[in-house]
Amino acid sequence: MLNQLILTGNLGNDPEIFYGSEGDPVSSFSLAFKSGREKTGWLKCVCFNKNAEIASTYLHSGARRQSEHLSASAILGYVDCSLAYKFGRIDKLPMEFKSDALEFGTCIHRVLEQYYSAKMIGDKMLLKDVHQIFETTWTGIAAGRDDIRYSGDNNFKTLLMYGKDLLTAWYNKLPDDDFTILSIEEAFTFNLPDIPIPIIGAMDLVEEDSAGTLIITDFKTSGRAYSKDEVDQNQQLTMYQIAAKRNGFGDREILLRFDTLVKTKTPKFEQYWTTRSELDERRLIKKAAQVWDGVTKGVFVANDTSWKCKGCAFKQACDEYLEAKREDYAQACNQ
Ligand code: SF4
């Protein structure tokens, strides 16, 4: 069984990059952490290949955050509500709460990551081990937290039980394929015309079949099953295809997939397959440039009839922002 360790801390130095005998990039840096109450400890971290390049490009000592960038979720977030984009990504306001769906999804994602890490080295994880990893991860993420907003009758314990049922549905329906796992959580970065900052992201799972076709999978948890149109039009998957083509897989056939754990009363697991054309890629590239144009020109519009408003983690900031405009409105009326 594989273990996963998540380290959070400040960088002690800018990552130094050097190249191995085969020309493969390697970077190293130290990470400060608190041991006990006062003592600061240091960990030496080493990254290889693409992760090494990303670390040396975007990590700087004394900083916890990455340099400015766009990602598929940032682009979609701007389109959904550019005001929420401003609050979260430009003003960097803390979220007023964390939704249980977000935290639960992160937890399931980490469990699947560990399942595939074991599979990559030839181990088939047992369902009881999957459950154990989920329990440990969910406890680490959610136990004792008072900033998580639970919806409906959910709470820490009900989601602990539900998560195991959901993973059972996934485990029992997961096809026994013979794909070769190429990478898990494959980080990528690339540049697009008219956008001076990089597009970054990570593909959950990259595999290939016996014919050499690349299969890129995104793990999802969702409250409902997806329609075919939603899968065929999803721009996160389009972005993964663009990234794969620009990061060494330009000559491959590419299939895209959502592995979706559906949080219905009776949990379900659905695999959705799709492809993207060059036209799909061009449309997203155009949209990314338009988003960047809007960001640089300060165009931030409250999409306050969106279904997202109900669960928005910037609701209070949004109300205050819109209320503040009342004075401008009153002045304009009196002119
Ligand atoms: S409450 Fe609605 S309009 Fe306001 S920031 Fe959130 S999503 Fe946007």
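The values are calculated or read from the model by the stated rules, or taken from the named source; none is laboratory data. Everything numeric in this text was worked out from a predicted model, so none of it was measured. Please note: Cβ atoms are built from the backbone with ideal geometry, for glycine as well, and neighbour counts cover all protein chains shown.
The condition (being closer than 18 Å to Glu103 by Cα, in the same structural domain as Val295 (by TED's automatic domain parsing), of a type outside the set (Val, Ile, Thr) and exposed (fewer than 15 other Cβ atoms within 10 Å of the Cβ)) is satisfied by just one residue among Asp204, Asp165, Asp178: Asp165. Note on the stretch 272-310: residues that are among the hydroxyl-bearing types (Ser, Thr, Tyr), surrounded by 11 or more Cβ atoms within 10 Å (Cβ to Cβ) and in a loop (DSSP other than H, G, I, E, B) total 2. Looking at this structure, is Glu230 in a helix (DSSP H, G or I), in contact (Cβ under 8 Å) with a residue 12 or more places away in the chain, surrounded by fewer than 17 Cβ atoms within 10 Å (Cβ to Cβ) and away from the ligand (no atom under 16 Å from the Cβ)? No. Taking the stretch 83-101 as the range and being buried (at least 16 other Cβ atoms within 10 Å of the Cβ) and either assigned to a helix (DSSP H, G or I) or in contact with a helix residue (DSSP H, G or I) (Cβ under 8 Å, 6 or more places away or on another chain) (or both) as the test, the residues that pass are Leu83, Ala84, Tyr85, Lys86, Phe87, Gly88, Arg89, Ser99, Asp100, Ala101. Scanning the stretch 284-308 for residues that are in contact (Cβ under 8 Å) with a residue 12 or more places away in the chain and over 30 Å from Leu256 (Cβ atoms) yields Val299, Phe300, Val301, Ala302, Asp304.
Restricting attention to the stretch 122-143, does a residue exist that is assigned to a loop (DSSP other than H, G, I, E, B), under 17 Å from Thr260 (Cα atoms) and without any contact (Cβ under 8 Å) to a residue 12 or more places away in the chain? No, the stretch 122-143 contains no residue that is assigned to a loop (DSSP other than H, G, I, E, B), under 17 Å from Thr260 (Cα atoms) and without any contact (Cβ under 8 Å) to a residue 12 or more places away in the chain. Checking every residue in the stretch 233-251 against the condition of being surrounded by 16 or more Cβ atoms within 10 Å (Cβ to Cβ), part of a loop (DSSP other than H, G, I, E, B), in contact (Cβ under 8 Å) with a residue 12 or more places away in the chain and not small (Gly, Ala, Ser) gives at least one match.
I want to confirm something. Restricting to the stretch 309-332 and keeping residues that are aromatic (Phe, Trp, Tyr) and touching a residue at least 40 places away in the same chain (Cβ under 8 Å), which single residue is farthest from the ligand (Cβ to nearest atom)?
Filtering the stretch 309-332 for residues aromatic (Phe, Trp, Tyr) gives 314, 321, 329.
Going one step further and asking which of them are touching a residue at least 40 places away in the same chain (Cβ under 8 Å), we end up with 314, 321.
On the way: Phe314: 5, Tyr321: 8 Å.
Checking each candidate, the answer is Tyr321.
Within the stretch 176-209, can you find the residues that are hydrophobic (A, V, I, L, M, F, W, C), farther than 13 Å from Met239 by Cα and part of a strand (DSSP E or B)? If the condition is that a residue be hydrophobic (A, V, I, L, M, F, W, C), farther than 13 Å from Met239 by Cα and part of a strand (DSSP E or B), then Ile181, Leu182, Ile184, Ile195, Ile197, Leu205, Val206 are the ones that fit. Lys287 falls short on exactly one of the conditions (1) within 16 Å of the ligand (Cβ to nearest atom); (2) within 23 Å of Gly250 (Cα to Cα), and that condition is (1). Annotation note: Cβ proximity below 9 Å between a residue of the stretch 260-283 that is within 13 Å of Lys228 (Cα to Cα) and a residue that is at pLDDT below 95 and surrounded by 17 or more Cβ atoms within 10 Å (Cβ to Cβ) (sequence gap 6+ or interchain) occurs for no pair. When the residues of the stretch 252-271 are filtered to those that are farther than 30 Å from Asp194 by Cβ and hydrophobic (A, V, I, L, M, F, W, C), the one that is surrounded by the most Cβ atoms within 10 Å (Cβ to Cβ) is Leu261.
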